[in-house]
Amino acid sequence: MTNAIEQLGAWAVMRVQEMGRMVLFMLSAFAWLVRPPFRFHQTMKQLHFIGYRSTFVVVLTAAFTGMVLALQGYYSLRRFGSEGVLGAAVALSMIRELGPVLAALMVTARAGSAMTAEIGIMRITEQIDALDTMAINPLQYLIAPKLVAGLIGVPLLVAIFDVVGIYGGSIVGVNLLGVSEGAYWSSVESAVEWKDVYGGILKSISFGLIVSWVCCYKGFYTRQSAEGLGTATTEAVVLSSVLILVWDYLLTSLLL
Amino acid sequence: MIKLVGVEKKLGGQPVLQGVDLSIPVGKLTTIIGGSGSGKSVLLKHMIGLMQPDRGEVWVGDVEISRLSGTHLNDVRKQFAMLFQGAALFDSLTVFENVAFPLREKSRMKGPEVGRRVEEKLKEVGLAGMGHKFPAELSGGMRKRAGLARALVMEPEIILFDEPTTGLDPLMAKSIHDLIVTMHRRFGFTAVMVSHEIPEIFGISDWVAMLRKGKIALMATAAEFQRTTDPEIQEFISVGGTLALPGSLVG
(Lines give C-alpha, C1' and ligand atoms only; values in the text may rest on other atoms or scores of the structure.)
Protein backbone atom coordinates (compact mmCIF):
# COMPACT_ATOMS: atom_id res chain seq x y z
CA MET A 1 0.00 0.00 0.00
CA THR A 2 2.77 2.42 1.03
CA ASN A 3 4.65 1.45 -2.08
CA ALA A 4 1.67 2.29 -4.27
CA ILE A 5 1.28 5.70 -2.63
CA GLU A 6 5.00 6.33 -3.07
CA GLN A 7 4.77 5.46 -6.75
CA LEU A 8 1.76 7.70 -7.20
CA GLY A 9 3.58 10.53 -5.45
CA ALA A 10 6.67 10.04 -7.60
CA TRP A 11 4.51 10.04 -10.74
CA ALA A 12 2.77 13.25 -9.62
CA VAL A 13 6.09 14.98 -8.85
CA MET A 14 7.43 13.93 -12.26
CA ARG A 15 4.35 15.34 -14.02
CA VAL A 16 4.60 18.65 -12.14
CA GLN A 17 8.30 18.88 -13.02
CA GLU A 18 7.51 18.16 -16.66
CA MET A 19 4.85 20.88 -16.69
CA GLY A 20 7.32 23.31 -15.14
CA ARG A 21 9.90 22.45 -17.82
CA MET A 22 7.30 22.96 -20.53
CA VAL A 23 6.32 26.40 -19.22
CA LEU A 24 9.97 27.44 -18.86
CA PHE A 25 10.64 26.20 -22.39
CA MET A 26 7.89 28.44 -23.79
CA LEU A 27 8.85 31.47 -21.71
CA SER A 28 12.52 31.12 -22.71
CA ALA A 29 11.57 30.91 -26.38
CA PHE A 30 9.47 34.09 -26.09
CA ALA A 31 12.28 35.80 -24.19
CA TRP A 32 14.68 35.00 -27.07
CA LEU A 33 12.09 36.24 -29.56
CA VAL A 34 12.51 39.85 -28.50
CA ARG A 35 16.29 39.78 -28.73
CA PRO A 36 18.10 40.50 -31.99
CA PRO A 37 18.71 39.08 -34.51
CA PHE A 38 15.01 38.94 -35.37
CA ARG A 39 14.16 35.80 -37.34
CA PHE A 40 11.75 37.31 -39.85
CA HIS A 41 12.70 34.95 -42.68
CA GLN A 42 12.44 31.87 -40.43
CA THR A 43 9.05 33.02 -39.13
CA MET A 44 7.72 33.53 -42.67
CA LYS A 45 8.97 30.08 -43.62
CA GLN A 46 7.16 28.51 -40.67
CA LEU A 47 4.02 30.53 -41.39
CA HIS A 48 4.09 29.13 -44.90
CA PHE A 49 4.47 25.61 -43.52
CA ILE A 50 1.89 25.80 -40.72
CA GLY A 51 -0.55 28.15 -42.44
CA TYR A 52 -0.45 28.01 -46.22
CA ARG A 53 0.34 24.31 -46.50
CA SER A 54 -2.50 23.40 -44.12
CA THR A 55 -5.05 25.37 -46.13
CA PHE A 56 -6.19 22.52 -48.38
CA VAL A 57 -6.90 20.07 -45.56
CA VAL A 58 -8.61 22.79 -43.51
CA VAL A 59 -10.84 23.83 -46.44
CA LEU A 60 -11.76 20.22 -47.11
CA THR A 61 -12.59 19.53 -43.44
CA ALA A 62 -14.50 22.79 -43.10
CA ALA A 63 -16.64 22.19 -46.19
CA PHE A 64 -17.74 18.73 -45.09
CA THR A 65 -18.24 19.83 -41.48
CA GLY A 66 -20.53 22.66 -42.57
CA MET A 67 -22.39 20.34 -44.93
CA VAL A 68 -23.03 17.63 -42.34
CA LEU A 69 -24.00 20.25 -39.78
CA ALA A 70 -26.60 21.65 -42.17
CA LEU A 71 -27.89 18.17 -42.93
CA GLN A 72 -28.29 17.23 -39.25
CA GLY A 73 -29.53 20.69 -38.29
CA TYR A 74 -32.15 20.79 -41.04
CA TYR A 75 -33.91 17.58 -39.97
CA SER A 76 -33.80 18.53 -36.29
CA LEU A 77 -35.09 22.07 -36.90
CA ARG A 78 -37.81 20.94 -39.33
CA ARG A 79 -39.56 19.09 -36.51
CA PHE A 80 -40.13 22.45 -34.86
CA GLY A 81 -40.77 24.31 -38.10
CA SER A 82 -37.60 26.34 -37.62
CA GLU A 83 -35.66 25.58 -40.81
CA GLY A 84 -35.26 29.32 -41.26
CA VAL A 85 -32.68 29.49 -38.48
CA LEU A 86 -30.46 26.82 -40.08
CA GLY A 87 -27.91 29.48 -41.10
CA ALA A 88 -27.68 30.74 -37.52
CA ALA A 89 -27.23 27.21 -36.15
CA VAL A 90 -24.45 26.40 -38.63
CA ALA A 91 -22.69 29.75 -38.24
CA LEU A 92 -22.75 29.79 -34.44
CA SER A 93 -21.56 26.18 -34.20
CA MET A 94 -18.74 26.90 -36.63
CA ILE A 95 -17.61 30.22 -35.20
CA ARG A 96 -17.92 29.37 -31.51
CA GLU A 97 -16.73 25.76 -31.40
CA LEU A 98 -16.13 23.67 -34.46
CA GLY A 99 -14.00 26.13 -36.40
CA PRO A 100 -11.34 26.70 -33.74
CA VAL A 101 -11.33 23.11 -32.42
CA LEU A 102 -11.36 21.21 -35.72
CA ALA A 103 -8.93 23.56 -37.46
CA ALA A 104 -6.52 23.27 -34.52
CA LEU A 105 -6.84 19.47 -34.52
CA MET A 106 -6.14 19.36 -38.27
CA VAL A 107 -3.08 21.60 -37.83
CA THR A 108 -1.89 19.32 -35.02
CA ALA A 109 -2.23 16.27 -37.25
CA ARG A 110 -0.62 17.83 -40.31
CA ALA A 111 1.89 20.44 -39.13
CA GLY A 112 2.32 19.65 -35.41
CA SER A 113 3.45 16.08 -35.92
CA ALA A 114 5.83 17.21 -38.69
CA MET A 115 7.29 19.87 -36.40
CA THR A 116 7.96 17.30 -33.67
CA ALA A 117 9.55 14.91 -36.14
CA GLU A 118 11.71 17.63 -37.71
CA ILE A 119 13.00 18.98 -34.40
CA GLY A 120 13.39 15.44 -33.03
CA ILE A 121 15.54 14.39 -35.98
CA MET A 122 17.61 17.53 -35.52
CA ARG A 123 18.10 16.54 -31.88
CA ILE A 124 19.05 12.93 -32.67
CA THR A 125 21.49 13.90 -35.44
CA GLU A 126 23.09 16.55 -33.19
CA GLN A 127 22.01 19.43 -35.44
CA ILE A 128 20.63 21.24 -32.38
CA ASP A 129 23.95 20.75 -30.58
CA ALA A 130 25.66 22.10 -33.70
CA LEU A 131 23.59 25.29 -33.42
CA ASP A 132 24.65 25.58 -29.79
CA THR A 133 28.32 25.17 -30.66
CA MET A 134 27.99 27.98 -33.20
CA ALA A 135 26.72 30.23 -30.38
CA ILE A 136 23.25 30.29 -31.97
CA ASN A 137 20.47 29.71 -29.48
CA PRO A 138 18.20 26.92 -30.81
CA LEU A 139 15.22 28.36 -28.96
CA GLN A 140 15.65 31.60 -30.85
CA TYR A 141 16.51 30.09 -34.22
CA LEU A 142 14.22 27.05 -34.26
CA ILE A 143 11.47 27.34 -31.69
CA ALA A 144 10.46 31.00 -31.43
CA PRO A 145 9.59 31.29 -35.18
CA LYS A 146 7.38 28.21 -34.89
CA LEU A 147 5.55 29.61 -31.85
CA VAL A 148 4.89 32.89 -33.65
CA ALA A 149 3.80 31.06 -36.79
CA GLY A 150 1.34 29.00 -34.71
CA LEU A 151 -0.04 32.14 -33.06
CA ILE A 152 -0.63 33.83 -36.43
CA GLY A 153 -1.31 30.85 -38.68
CA VAL A 154 -3.99 29.02 -36.71
CA PRO A 155 -6.34 32.04 -36.29
CA LEU A 156 -6.11 32.68 -40.05
CA LEU A 157 -6.90 29.05 -40.78
CA VAL A 158 -9.81 29.18 -38.33
CA ALA A 159 -11.20 32.22 -40.16
CA ILE A 160 -11.00 30.28 -43.44
CA PHE A 161 -12.57 27.25 -41.74
CA ASP A 162 -15.53 29.33 -40.47
CA VAL A 163 -16.24 30.93 -43.84
CA VAL A 164 -15.92 27.71 -45.83
CA GLY A 165 -18.00 25.81 -43.25
CA ILE A 166 -20.84 28.33 -43.38
CA TYR A 167 -20.77 28.22 -47.21
CA GLY A 168 -20.73 24.40 -47.07
CA GLY A 169 -23.82 24.58 -44.87
CA SER A 170 -25.53 26.87 -47.37
CA ILE A 171 -24.79 24.50 -50.27
CA VAL A 172 -26.60 21.66 -48.47
CA GLY A 173 -29.26 23.78 -46.77
CA VAL A 174 -30.14 26.07 -49.66
CA ASN A 175 -29.25 24.09 -52.79
CA LEU A 176 -30.11 20.55 -51.68
CA LEU A 177 -32.69 20.88 -48.92
CA GLY A 178 -34.55 23.93 -50.18
CA VAL A 179 -34.09 26.40 -47.36
CA SER A 180 -34.57 29.94 -48.62
CA GLU A 181 -31.23 31.59 -49.41
CA GLY A 182 -32.38 34.86 -47.91
CA ALA A 183 -33.52 33.17 -44.69
CA TYR A 184 -30.22 31.28 -44.39
CA TRP A 185 -27.99 34.33 -44.74
CA SER A 186 -30.17 36.75 -42.81
CA SER A 187 -30.28 34.33 -39.86
CA VAL A 188 -26.49 34.14 -40.03
CA GLU A 189 -26.28 37.92 -40.00
CA SER A 190 -28.73 38.41 -37.14
CA ALA A 191 -27.45 35.60 -34.93
CA VAL A 192 -23.70 36.14 -35.07
CA GLU A 193 -22.51 38.80 -32.68
CA TRP A 194 -19.09 40.31 -32.14
CA LYS A 195 -18.61 38.35 -28.89
CA ASP A 196 -18.97 35.08 -30.85
CA VAL A 197 -16.27 36.14 -33.29
CA TYR A 198 -14.12 37.48 -30.47
CA GLY A 199 -14.44 34.19 -28.56
CA GLY A 200 -13.48 32.23 -31.67
CA ILE A 201 -10.42 34.41 -32.26
CA LEU A 202 -9.34 34.05 -28.63
CA LYS A 203 -9.70 30.28 -28.84
CA SER A 204 -7.83 30.02 -32.11
CA ILE A 205 -4.90 32.08 -30.82
CA SER A 206 -4.59 29.93 -27.70
CA PHE A 207 -4.96 26.71 -29.71
CA GLY A 208 -2.24 27.91 -32.10
CA LEU A 209 0.06 28.42 -29.16
CA ILE A 210 -0.80 25.01 -27.67
CA VAL A 211 -0.06 23.16 -30.93
CA SER A 212 3.28 24.80 -31.65
CA TRP A 213 4.38 24.83 -28.01
CA VAL A 214 3.62 21.18 -27.22
CA CYS A 215 4.90 19.86 -30.56
CA CYS A 216 8.14 21.87 -30.38
CA TYR A 217 8.72 20.82 -26.76
CA LYS A 218 8.24 17.12 -27.47
CA GLY A 219 10.58 17.31 -30.47
CA PHE A 220 13.22 19.30 -28.61
CA TYR A 221 13.42 16.75 -25.80
CA THR A 222 13.20 13.64 -27.95
CA ARG A 223 15.10 10.66 -26.58
CA GLN A 224 18.07 9.65 -28.73
CA SER A 225 16.52 6.82 -30.75
CA ALA A 226 14.11 6.10 -33.58
CA GLU A 227 11.68 4.69 -31.01
CA GLY A 228 12.08 7.85 -28.94
CA LEU A 229 11.19 9.95 -31.98
CA GLY A 230 8.08 7.87 -32.67
CA THR A 231 6.99 8.16 -29.05
CA ALA A 232 7.62 11.92 -29.03
CA THR A 233 5.53 12.42 -32.16
CA THR A 234 2.65 10.36 -30.79
CA GLU A 235 2.81 12.14 -27.42
CA ALA A 236 2.88 15.53 -29.14
CA VAL A 237 -0.26 14.82 -31.16
CA VAL A 238 -2.15 13.24 -28.26
CA LEU A 239 -1.20 15.89 -25.70
CA SER A 240 -1.90 18.79 -28.08
CA SER A 241 -5.31 17.35 -28.98
CA VAL A 242 -6.28 16.71 -25.35
CA LEU A 243 -5.09 20.15 -24.25
CA ILE A 244 -7.06 21.78 -27.07
CA LEU A 245 -10.26 20.07 -25.95
CA VAL A 246 -9.71 20.75 -22.24
CA TRP A 247 -8.73 24.38 -22.85
CA ASP A 248 -11.74 24.75 -25.14
CA TYR A 249 -14.06 23.76 -22.31
CA LEU A 250 -12.36 26.07 -19.80
CA LEU A 251 -12.35 29.02 -22.17
CA THR A 252 -15.96 28.44 -23.20
CA SER A 253 -17.08 28.36 -19.57
CA LEU A 254 -15.27 31.67 -19.01
CA LEU A 255 -16.61 33.33 -22.15
CA LEU A 256 -20.26 32.38 -21.71
CA MET B 1 43.76 26.67 -22.75
CA ILE B 2 40.97 24.30 -21.76
CA LYS B 3 41.23 22.94 -18.24
CA LEU B 4 38.94 20.52 -16.43
CA VAL B 5 39.19 20.26 -12.67
CA GLY B 6 37.54 17.42 -10.75
CA VAL B 7 34.72 17.06 -13.28
CA GLU B 8 32.02 14.60 -12.25
CA LYS B 9 28.94 13.67 -14.26
CA LYS B 10 26.20 11.09 -13.82
CA LEU B 11 23.87 10.13 -16.67
CA GLY B 12 20.69 8.24 -15.81
CA GLY B 13 22.04 7.70 -12.31
CA GLN B 14 25.21 6.03 -13.62
CA PRO B 15 28.54 7.77 -12.94
CA VAL B 16 30.29 8.53 -16.24
CA LEU B 17 32.93 11.06 -15.25
CA GLN B 18 34.32 10.59 -11.75
CA GLY B 19 36.74 13.43 -11.17
CA VAL B 20 38.39 14.24 -14.48
CA ASP B 21 41.43 16.51 -14.29
CA LEU B 22 42.71 17.46 -17.73
CA SER B 23 44.61 20.33 -19.33
CA ILE B 24 44.56 20.71 -23.10
CA PRO B 25 47.74 22.33 -24.43
CA VAL B 26 47.26 25.38 -26.67
CA GLY B 27 47.92 24.91 -30.37
CA LYS B 28 48.40 21.14 -30.08
CA LEU B 29 46.36 18.18 -31.26
CA THR B 30 45.27 16.19 -28.24
CA THR B 31 43.43 12.91 -28.69
CA ILE B 32 41.28 11.33 -26.01
CA ILE B 33 40.96 7.57 -26.19
CA GLY B 34 39.07 5.09 -24.06
CA GLY B 35 36.68 2.18 -24.24
CA SER B 36 33.20 2.42 -25.71
CA GLY B 37 30.86 4.14 -23.28
CA SER B 38 33.73 5.41 -21.18
CA GLY B 39 32.45 9.00 -21.50
CA LYS B 40 34.81 10.48 -24.13
CA SER B 41 32.08 12.31 -26.02
CA VAL B 42 30.53 13.41 -22.73
CA LEU B 43 33.89 14.86 -21.75
CA LEU B 44 34.16 16.69 -25.09
CA LYS B 45 30.66 18.15 -24.65
CA HIS B 46 31.66 19.53 -21.24
CA MET B 47 34.48 21.49 -22.88
CA ILE B 48 32.06 23.49 -25.02
CA GLY B 49 29.27 23.75 -22.47
CA LEU B 50 26.85 21.36 -24.18
CA MET B 51 26.77 19.52 -20.86
CA GLN B 52 27.26 20.86 -17.36
CA PRO B 53 29.17 18.87 -14.75
CA ASP B 54 27.47 17.76 -11.54
CA ARG B 55 30.67 18.78 -9.78
CA GLY B 56 33.96 20.33 -10.80
CA GLU B 57 35.05 23.18 -13.03
CA VAL B 58 35.61 23.67 -16.73
CA TRP B 59 37.90 26.54 -17.68
CA VAL B 60 38.29 28.01 -21.16
CA GLY B 61 41.09 30.53 -20.89
CA ASP B 62 40.30 32.46 -17.74
CA VAL B 63 36.52 31.84 -17.85
CA GLU B 64 34.88 29.09 -15.81
CA ILE B 65 32.04 27.94 -18.08
CA SER B 66 30.35 25.17 -16.11
CA ARG B 67 27.72 27.51 -14.62
CA LEU B 68 27.43 29.88 -17.58
CA SER B 69 24.37 30.05 -19.80
CA GLY B 70 22.79 32.23 -22.46
CA THR B 71 24.81 35.01 -24.00
CA HIS B 72 27.74 34.59 -21.60
CA LEU B 73 28.23 31.00 -22.71
CA ASN B 74 27.74 31.98 -26.35
CA ASP B 75 30.54 34.53 -26.02
CA VAL B 76 32.91 31.74 -24.95
CA ARG B 77 31.64 29.43 -27.70
CA LYS B 78 32.70 31.93 -30.37
CA GLN B 79 36.24 30.59 -29.90
CA PHE B 80 35.08 27.06 -30.71
CA ALA B 81 33.96 24.89 -33.57
CA MET B 82 33.00 21.24 -33.41
CA LEU B 83 32.94 18.40 -35.89
CA PHE B 84 30.30 15.91 -34.77
CA GLN B 85 30.29 12.13 -35.25
CA GLY B 86 27.66 12.33 -38.00
CA ALA B 87 28.87 15.79 -39.12
CA ALA B 88 25.51 17.31 -37.98
CA LEU B 89 24.98 19.15 -41.26
CA PHE B 90 21.60 20.86 -41.59
CA ASP B 91 19.51 18.60 -43.85
CA SER B 92 17.47 21.42 -45.33
CA LEU B 93 20.50 23.41 -46.48
CA THR B 94 22.96 22.72 -49.29
CA VAL B 95 26.63 22.10 -48.54
CA PHE B 96 27.39 25.71 -49.51
CA GLU B 97 24.65 27.04 -47.22
CA ASN B 98 25.83 24.79 -44.39
CA VAL B 99 29.37 26.11 -44.61
CA ALA B 100 28.16 29.68 -45.05
CA PHE B 101 25.75 29.36 -42.11
CA PRO B 102 28.12 30.44 -39.28
CA LEU B 103 29.45 33.31 -41.41
CA ARG B 104 25.97 34.61 -42.18
CA GLU B 105 24.87 34.25 -38.58
CA LYS B 106 27.93 35.35 -36.69
CA SER B 107 30.06 37.60 -38.90
CA ARG B 108 29.58 40.90 -40.70
CA MET B 109 30.64 39.42 -44.01
CA LYS B 110 28.50 40.25 -47.04
CA GLY B 111 27.38 38.03 -49.93
CA PRO B 112 30.40 37.93 -52.30
CA GLU B 113 32.88 37.76 -49.43
CA VAL B 114 30.93 34.88 -47.85
CA GLY B 115 30.89 33.10 -51.20
CA ARG B 116 34.67 33.47 -51.61
CA ARG B 117 35.40 32.21 -48.10
CA VAL B 118 33.06 29.23 -48.45
CA GLU B 119 34.49 28.22 -51.84
CA GLU B 120 37.98 28.51 -50.38
CA LYS B 121 37.14 26.21 -47.46
CA LEU B 122 35.35 23.72 -49.69
CA LYS B 123 38.42 23.60 -51.91
CA GLU B 124 40.68 23.06 -48.88
CA VAL B 125 38.69 20.02 -47.80
CA GLY B 126 38.43 18.63 -51.34
CA LEU B 127 34.80 19.50 -51.99
CA ALA B 128 35.26 22.16 -54.67
CA GLY B 129 32.19 22.28 -56.92
CA MET B 130 30.04 20.27 -54.50
CA GLY B 131 28.41 23.25 -52.81
CA HIS B 132 25.06 22.78 -54.53
CA LYS B 133 24.53 19.28 -53.16
CA PHE B 134 22.39 18.47 -50.13
CA PRO B 135 23.87 16.45 -47.23
CA ALA B 136 21.68 13.45 -48.12
CA GLU B 137 23.43 13.28 -51.51
CA LEU B 138 26.92 12.98 -49.97
CA SER B 139 28.87 9.93 -48.84
CA GLY B 140 29.93 9.59 -45.19
CA GLY B 141 33.43 10.86 -45.93
CA MET B 142 32.16 13.83 -47.93
CA ARG B 143 29.78 14.74 -45.12
CA LYS B 144 32.71 14.75 -42.66
CA ARG B 145 34.67 16.96 -45.06
CA ALA B 146 31.74 19.37 -45.34
CA GLY B 147 31.47 19.36 -41.53
CA LEU B 148 35.16 20.15 -41.30
CA ALA B 149 34.78 23.02 -43.79
CA ARG B 150 31.95 24.41 -41.64
CA ALA B 151 34.12 24.04 -38.52
CA LEU B 152 37.02 25.85 -40.21
CA VAL B 153 35.09 28.65 -41.87
CA MET B 154 35.07 30.97 -38.85
CA GLU B 155 38.78 30.25 -38.26
CA PRO B 156 38.22 29.31 -34.59
CA GLU B 157 40.91 29.02 -31.94
CA ILE B 158 39.69 25.61 -30.78
CA ILE B 159 38.16 22.75 -32.76
CA LEU B 160 36.65 19.67 -31.13
CA PHE B 161 36.43 16.47 -33.16
CA ASP B 162 34.00 13.83 -31.93
CA GLU B 163 35.08 10.53 -33.50
CA PRO B 164 35.62 12.08 -36.93
CA THR B 165 36.31 8.78 -38.67
CA THR B 166 33.52 6.62 -37.22
CA GLY B 167 31.73 4.66 -39.92
CA LEU B 168 34.34 5.30 -42.61
CA ASP B 169 36.44 2.74 -44.44
CA PRO B 170 40.17 2.71 -43.55
CA LEU B 171 41.23 4.71 -46.62
CA MET B 172 38.60 7.38 -46.05
CA ALA B 173 39.46 7.44 -42.34
CA LYS B 174 43.11 8.02 -43.23
CA SER B 175 42.22 10.83 -45.62
CA ILE B 176 40.11 12.54 -42.91
CA HIS B 177 42.97 12.17 -40.41
CA ASP B 178 45.41 13.61 -42.96
CA LEU B 179 43.04 16.49 -43.61
CA ILE B 180 42.73 17.26 -39.89
CA VAL B 181 46.50 17.25 -39.47
CA THR B 182 47.04 19.42 -42.55
CA MET B 183 44.46 21.96 -41.40
CA HIS B 184 45.84 21.89 -37.86
CA ARG B 185 49.33 22.65 -39.14
CA ARG B 186 48.12 25.36 -41.48
CA PHE B 187 45.86 27.22 -39.04
CA GLY B 188 47.45 26.34 -35.70
CA PHE B 189 44.20 25.90 -33.78
CA THR B 190 43.96 23.89 -30.57
CA ALA B 191 42.46 20.53 -31.49
CA VAL B 192 40.82 18.01 -29.20
CA MET B 193 39.83 14.75 -30.82
CA VAL B 194 37.95 11.79 -29.45
CA SER B 195 38.88 8.67 -31.38
CA HIS B 196 38.92 4.90 -31.43
CA GLU B 197 41.46 4.75 -34.23
CA ILE B 198 44.38 2.99 -32.59
CA PRO B 199 47.20 2.93 -33.62
CA GLU B 200 46.59 5.68 -36.23
CA ILE B 201 46.07 8.42 -33.66
CA PHE B 202 49.64 8.01 -32.36
CA GLY B 203 50.90 9.13 -35.74
CA ILE B 204 48.87 12.32 -35.84
CA SER B 205 48.48 13.48 -32.23
CA ASP B 206 50.81 15.65 -30.21
CA TRP B 207 49.28 14.48 -26.95
CA VAL B 208 47.18 11.45 -26.06
CA ALA B 209 44.96 11.08 -22.98
CA MET B 210 43.16 7.94 -21.90
CA LEU B 211 39.86 7.99 -20.08
CA ARG B 212 39.34 4.97 -17.84
CA LYS B 213 36.78 4.44 -15.08
CA GLY B 214 35.70 8.05 -15.32
CA LYS B 215 39.17 9.51 -14.83
CA ILE B 216 42.18 10.36 -16.95
CA ALA B 217 44.38 7.31 -16.52
CA LEU B 218 47.31 8.76 -18.48
CA MET B 219 48.12 11.84 -20.51
CA ALA B 220 51.41 11.98 -22.33
CA THR B 221 52.96 12.82 -25.67
CA ALA B 222 52.11 10.28 -28.33
CA ALA B 223 55.57 8.69 -28.15
CA GLU B 224 55.64 8.51 -24.35
CA PHE B 225 52.11 7.16 -24.25
CA GLN B 226 53.11 4.11 -26.28
CA ARG B 227 55.96 3.38 -23.91
CA THR B 228 53.74 3.26 -20.82
CA THR B 229 54.20 0.27 -18.56
CA ASP B 230 50.60 0.28 -17.38
CA PRO B 231 49.40 -3.21 -18.43
CA GLU B 232 45.76 -2.17 -18.95
CA ILE B 233 46.72 0.71 -21.23
CA GLN B 234 49.21 -1.47 -23.08
CA GLU B 235 46.52 -4.06 -23.65
CA PHE B 236 44.09 -1.38 -24.85
CA ILE B 237 46.46 0.21 -27.36
CA SER B 238 47.78 -3.06 -28.68
CA VAL B 239 44.28 -4.11 -29.74
CA GLY B 240 44.90 -2.28 -33.01
CA GLY B 241 47.39 -5.05 -33.99
CA THR B 242 50.79 -3.47 -33.79
CA LEU B 243 52.14 -0.42 -32.05
CA ALA B 244 52.45 2.46 -34.45
CA LEU B 245 55.58 4.45 -34.80
CA PRO B 246 55.09 8.21 -34.43
CA GLY B 247 54.59 9.80 -37.79
CA SER B 248 53.79 6.53 -39.50
CA LEU B 249 50.57 7.93 -40.94
CA VAL B 250 51.40 11.46 -41.84
CA GLY B 251 54.50 12.91 -43.41
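The values are calculated or read from the model by the stated rules, or taken from the named source; none is laboratory data. Here the structure is a predicted model, which is why all the values come from computation and not from measurement. When we count neighbours, we look across all protein chains shown, and the Cβ atoms used for this are built from the backbone with ideal geometry, even at glycine. With ligands, DNA and RNA removed, areas are computed over all heavy atoms of the protein, side chains included. Shrake-Rupley method; radii C 1.70, N 1.55, O 1.52, S 1.80 Å.
Filter the stretch A:88-122 for residues that are open to solvent by 30 Å² or more (accessible area, probe 1.4 Å) and within 11 Å of chain B (Cβ to nearest Cβ) and give the result.
A:Glu118, A:Ile121
Given the stretch B:57-133, what helices (runs of 4 or more DSSP H) lie entirely inside it while holding 3 or more residues that are more than 10 Å from chain A (Cβ to nearest Cβ) and surrounded by 14 or more Cβ atoms within 10 Å (Cβ to Cβ)?
Those helices (runs of 4 or more DSSP H) span B:95-106, B:111-124.
Confirm whether A:Arg35 is touching a residue at least 12 places away in the same chain (Cβ under 8 Å), open to solvent by 40 Å² or more (accessible area, probe 1.4 Å) and within 14 Å of chain B (Cβ to nearest Cβ).
For A:Arg35, the condition - touching a residue at least 12 places away in the same chain (Cβ under 8 Å), open to solvent by 40 Å² or more (accessible area, probe 1.4 Å) and within 14 Å of chain B (Cβ to nearest Cβ) - is met.
From the set of residues in the stretch B:187-213 that are touching a residue at least 60 places away in the same chain (Cβ under 8 Å) and surrounded by fewer than 21 Cβ atoms within 10 Å (Cβ to Cβ), which is nearest to B:Ile2 (Cα to Cα)?
Taking the candidates together, the pick is B:Trp207.
Residue-wise test of (1) assigned to a helix (DSSP H, G or I); (2) within 27 Å of A:Leu77 (Cβ to Cβ); (3) touching a residue at least 60 places away in the same chain (Cβ under 8 Å).
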residue: A:Gly173; (1), (2), (3): yes, yes, yes
residue: A:Gly178; (1), (2), (3): no, yes, no
residue: A:Ser186; (1), (2), (3): yes, yes, yes
residue: A:Ser190; (1), (2), (3): yes, yes, yes
residue: A:Ile210; (1), (2), (3): yes, no, yes
residue: A:Trp213; (1), (2), (3): yes, no, yes
residue: A:Gly219; (1), (2), (3): yes, no, yes
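Any residue in the stretch B:26-48 that's away from chain A (no Cβ under 14 Å): show its pairings with residues that are among the hydroxyl-bearing types (Ser, Thr, Tyr) and surrounded by fewer than 23 Cβ atoms within 10 Å (Cβ to Cβ) at Cβ separation under 6 Å, as long as the two are six or more apart or on different chains.
B:Val26/B:Thr190; B:Gly27/B:Thr190
If I filter the stretch A:231-250 for residues that are aliphatic (A, V, I, L, M), touching a Phe, Trp or Tyr at 6+ places or on another chain (Cβ under 6 Å) and without any contact (Cβ under 8 Å) to a residue 12 or more places away in the chain, do I get at least one hit?
Within the stretch A:231-250, not a single residue is aliphatic (A, V, I, L, M), touching a Phe, Trp or Tyr at 6+ places or on another chain (Cβ under 6 Å) and without any contact (Cβ under 8 Å) to a residue 12 or more places away in the chain.
Where the second residue is among the β-branched types (Val, Ile, Thr) and surrounded by 15 or more Cβ atoms within 10 Å (Cβ to Cβ) and the first is under 19 Å from A:Ala135 (Cα atoms) and free of Cβ contacts under 8 Å to residues at least 12 places away in the same chain and lies in the stretch B:104-130, which pairs have Cβ atoms under 9 Å and are six or more apart or on separate chains?
The qualifying pairs are B:Arg104/B:Val114; B:Glu105/A:Ile136.
Say whether the condition of being outside any helix (DSSP H, G or I), open to solvent by 30 Å² or more (accessible area, probe 1.4 Å) and among the acidic types (Asp, Glu) is met by at least one residue in the stretch A:231-245.
Checked the stretch A:231-245: no residue is outside any helix (DSSP H, G or I), open to solvent by 30 Å² or more (accessible area, probe 1.4 Å) and among the acidic types (Asp, Glu).
All but one of (1) open to solvent by 30 Å² or more (accessible area, probe 1.4 Å); (2) out of contact with any helix residue (DSSP H, G or I) (no Cβ under 6 Å at 6 or more places or on another chain) hold for A:Leu177; which doesn't?
All conditions pass for A:Leu177, except number (2).
So which of B:Asp62, B:Asp75 is more than 20 Å from the chain's Cα centre (by Cα) and of a type in the set (D, E, K, R)?
Sole residue among the options that is more than 20 Å from the chain's Cα centre (by Cα) and of a type in the set (D, E, K, R): B:Asp62.
Can you tell me which residue among A:Ser76, A:Ser82, A:Ser28 is in contact (Cβ under 8 Å) with a residue 40 or more places away in the chain and of a type in the set (Gly, Ala, Ser)?
Of the residues listed, the single one that is in contact (Cβ under 8 Å) with a residue 40 or more places away in the chain and of a type in the set (Gly, Ala, Ser) is A:Ser28.
What number of residues within the stretch A:45-87 satisfy the criterion of being open to solvent by less than 20 Å² (accessible area, probe 1.4 Å), out of contact with any Asp or Glu (no Cβ under 9 Å at 6 or more places or on another chain) and hydrophobic (A, V, I, L, M, F, W, C)?
Qualifying residue count for the region: 4.
Given the criterion buried (at least 24 other Cβ atoms within 10 Å of the Cβ) and either modelled with pLDDT of 95 or more or under 17 Å from A:Leu92 (Cα atoms) (or both), identify the matching residue among A:Ser170, A:Ser206, A:Ser212, A:Ser187.
Going through A:Ser170, A:Ser206, A:Ser212, A:Ser187 in turn, just one is buried (at least 24 other Cβ atoms within 10 Å of the Cβ) and either modelled with pLDDT of 95 or more or under 17 Å from A:Leu92 (Cα atoms) (or both): A:Ser212.
Of all residues in the stretch B:134-152 being touching a Lys or Arg at 6+ places or on another chain (Cβ under 7 Å) and without any contact (Cβ under 8 Å) to a residue 60 or more places away in the chain, which is surrounded by the fewest Cβ atoms within 10 Å (Cβ to Cβ)?
Only one residue fits best here, namely B:Pro135.
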